[in-house]
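Just below is one structure, and these are the notes that go with it.
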Amino acid sequence: MSLRQKLLLMFSLTVVVAVAAVGWTVSVRVRRVFDRLDQEQTAALVAQFRREFQHRAGDVASELDRIAATDRLTRIALDLTQGGDPAPYLTEAASLAQEYRLDFLEIVGPNGAIVSSAQWPARFGYKEPDIAAAGRPPFLKQEDLPDGSSQTGLFAVRSVPAAMSSIYIVGGARLDHSFLADLPAPAGTQVYLYRNASNAFDDRNLAGADGDVPEASKYQPLIDAARTTAKDASGVVFLTPKRSDSVNVTAIPLKAEDGSVMAVLLVANSRRGMVEVQNHIRAITYSVAGAGILLAIAASLWIAAKVSRPIEQLARAAGEVAQGRWDTQVEISTHDEVGALGGSFNRMTSELVEQRERLVQSERVAAWRELARRLAHELKNPLFPLQLTVENMERARRLPPAEFNEVFVESTQTLKAEIANMKTIIGRFSDFSKMPRPQEAKIDARDVIQRAITLYEPGLKDRERPIHLRTEMGEEPLTISADSELLHRALSNLILNAIDAMPEGGTLSVSAHRKDGIVRIRVSDTGKGLTPEECGRLFTPYYTTKEYGTGLGLAIVQSVVADHRGTISVESGSGNGASFVIDLPAANEASA
């Protein structure tokens, strides 16, 4: 990703995040304000409901007190307490209920049996347990009706004393949609009442001021929560898939004297206003974000012209320097800090060319000096036995012919052996000093590895302590751009080192696979391993851990790998063997 694209992305993200944060904050504050208003409206309606409830309870109690004070009830009480026949009074409750505008009314005799019932005349003679609440405040109660249904009502009980005992009147008014109609609900607020007439939810028991409630089943979770816990429950109810049709609902349980829930009052506040405000805020947010992104694009283009384009030119120039074009220069079109940076870059490349030439010359001189020193050191060892041998042959000339011949044969063998040793040393130094440049071609690394393994595999089994060979290469070609002879030479060197590291036998492992555009070749042994210090110096020319050798083998391997734009590393621990890992770029990713 270019600097210009990063700037555009950064500016755009900054604008979007800032606008989104403001929009989200405002939206949350709006929701909280509406929630607070809903709570205030709900609290006001609940307070109004309780006042209306108390008012209706007072009306019921007042009507019953008026009925109990009439001469008509006094005469009935005197007759019934003196053992009179209750049959003439069978329809008396219905007449009184109509006259005093009560929905429910029952006259109960001194023995607790119903004498007359306005709502269910057939209950004549049934026991009425509610007379125990005589004189107490009004209470909620479910009243059964002849058709098998029930109604929730607000009831009161009054006694009518007579000479010897008392009779009772139990009366009440329905708690239904007509009761809700008296509540002054504000616009956007609905009040519903659910009669808890059965254990299972029944949407027919939910009524509003206008009668039936649309989508009544949507309120079931809140109603069930209020019925089950006998505590207030609140939540959002989505009446349709549109958010604007949702409502904030508070369910308030209405309890009887024993704590059981007789009904549930629902206060539903429409969320349409809040949703419309939030949608308006969202639309403004999108508009501001879009305008901000356009400004970000304009700002990024301006910055690109002033800053990013010169920096991109510097980056390309630095890449050319990294590829070896040391004399690369950049064009300076400004006189600000970026222009000063370009000028510094041009001066740096000019100095690099000069320093590089001096460094190359110095390295060449140092390399040849070190090579000469090392060669002199290596040749000094075989020269001493050569000198002794020649001196022995000079002294042997004065010996008898038979003894001279014996010394001559031994001396010539020694001379031949030391001369061969000198040739080997000179050959190794010659190889290192004239390493050829790779003649690259597209090859399969598996073929080179297999050729090196085939060369040494027969000798592994014939050893006194055999070495087991284990190879791991997939069927997929491992194509690389390389010089097969140089790579074969490097792998042969690593395999020989691994064999030398296992004089007591062991396992030689060779594996190769491709991953992420890299062909990785691993040669491992199970020898005694290397110390961390040895691992750090292993590829240094003339450094060796063996009793013999020049210390140039691994240096040659590293040179071959580096010429192929690869890397070599060693993994080892004392007593755990050693693994040499070569990473070479795959053919499709290697530069020509």
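The values are calculated or read from the model by the stated rules, or taken from the named source; none is laboratory data. Because the structure is a prediction, the values reported are computed rather than measured. Ideal geometry is used to build each Cβ from the backbone, glycine not excepted, and the neighbour counts take in all protein chains shown. Areas reflect the complete protein model, heavy atoms only, side chains present, ligands, DNA and RNA absent. Shrake-Rupley method; radii C 1.70, N 1.55, O 1.52, S 1.80 Å.
Summary of computed values
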| read-out | value |
| --- | --- |
| Within the accessible area of the range 119-235 (1.4 Å probe), percent carbon and sulfur | 51 percent |
| Heavy-atom accessible surface of the range 4-75: percent carbon and sulfur, 1.4 Å | 61 percent |
| Per-peptide average of other Cβ atoms within 10 Å, ordering 278-284, 135-141 highest first | 135-141, 278-284 |
| Rounded tilt (10° steps) of 484-500 against the dominant C-alpha axis of the chain | 90 degrees |
| Using θ = phi - 60° and Karplus 6.51 cos²θ - 1.76 cosθ + 1.60, couplings along the range 87-99 (whole Hz; Gly, Pro as x) | 4, x, 9, 4, 9, 5, 5, 5, 5, 5, 4, 6, 5 |
| For the range 67-203, with +1 on Lys and Arg beta carbons and -1 on Asp and Glu, the positive-most of 175, 90, 129 along the dipole | 129 |
| Projected-area mean, the range 83-132, by convex hull of Cα positions, square nanometres | 3.5 nm² |
| Amide H within-cut-off set for residue 119, under 5 Å, with H built and near neighbours excluded | 105 |
| Length gained when the stretch residue 537-residue 456 is fully extended (0.36 nm per residue, less Cα-Cα span) | 26.5 nm |
| Principal-axis tilt of helix 553-563 within the chain, Cα atoms, nearest 10 degrees | 60 degrees |
| Estimated inter-spin distance, residue 272 and residue 500, nm [label 7 Å along Cα→Cβ] | 9.4 nm |
| In nm, spacing of pseudo-spin labels at residue 444 and residue 322 (7 Å Cα→C-beta vector) | 3.4 nm |
| 15 Å beta-carbon shell around residue 343, net charge (K/R +1, D/E -1) | -3 |
| Percent RCO, i.e. relative contact order, over the range 115-218, from Cα pairs under 8 Å lying at least 6 residues apart | 17 percent |
| Two-decimal log10 I(q)/I(0) for the range 169-327, as the Debye equation yields it once each C-alpha is a single scatterer, q = 0.11, 0.15, 0.20 Å⁻¹ | -0.60, -0.88, -1.23 |
| Of all DSSP beta bridges in the chain, antiparallel share, percent nearest 5 | 90 percent |
| Charge-dipole axis of the chain as Lys and Arg at +1 and Asp and Glu at -1 on Cβ define it, positive-most pick from 301, 269, 100 | 301 |
| Simple Cβ-charge dipole of the range 207-252, Lys/Arg +1 and Asp/Glu -1, about Cα centre, in debye nearest 20 | 200 debye |
| Inter-label distance for residue 299 and residue 178, nm, one decimal - labels placed 7 Å from Cα along Cα-to-Cβ | 7.0 nm |
| Length released on extending from residue 406 to residue 99, taking residue separation times 0.36 nm less the Cα-Cα span | 94.6 nm |
| Residue 37-residue 145 FRET efficiency (beta carbon distance; Förster radius 60 Å; 0.05 resolution) | 0.90 |
| At 0.692 mPa s and 37 °C, Stokes D of the chain from Kirkwood alpha-carbon radius, µm² per second | 90 µm²/s |
| Mean Cα-pair separation over length for the range 36-117, i.e. relative contact order, pairs under 8 Å, 6 or more apart, % | 22 percent |
| Centre separation in Å (Cα based) which lies between the range 514-535 and the range 197-229 | 76 Å |
| Cα long-axis angle, helix 445-461 against the chain (0 to 90 degrees, to the nearest 10) | 70 degrees |
| Size of electric dipole in the chain: Cβ of Lys, Arg +1 and of Asp, Glu -1, about Cα centre, debye, nearest 20 | 1720 debye |
| Dipole magnitude (debye, nearest 20) for the range 206-312, charges at Cβ of Lys, Arg, Asp, Glu | 660 debye |
| Heavy-atom accessible area per residue - the range 30-98, 1.4 Å, Å² | 56 Å² |
| Relative packing of peptides 403-415, 195-207, 216-228, 103-115 - highest average C-beta neighbours within 10 Å first | 103-115, 216-228, 195-207, 403-415 |
| Percent RCO, i.e. relative contact order, over the chain, from Cα pairs under 8 Å lying at least 6 residues apart | 8 percent |
| FRET efficiency, 1/(1 + (r/R0)^6) with R0 30 Å, evaluated for residue 187 and residue 220 via beta carbons | 0.70 |
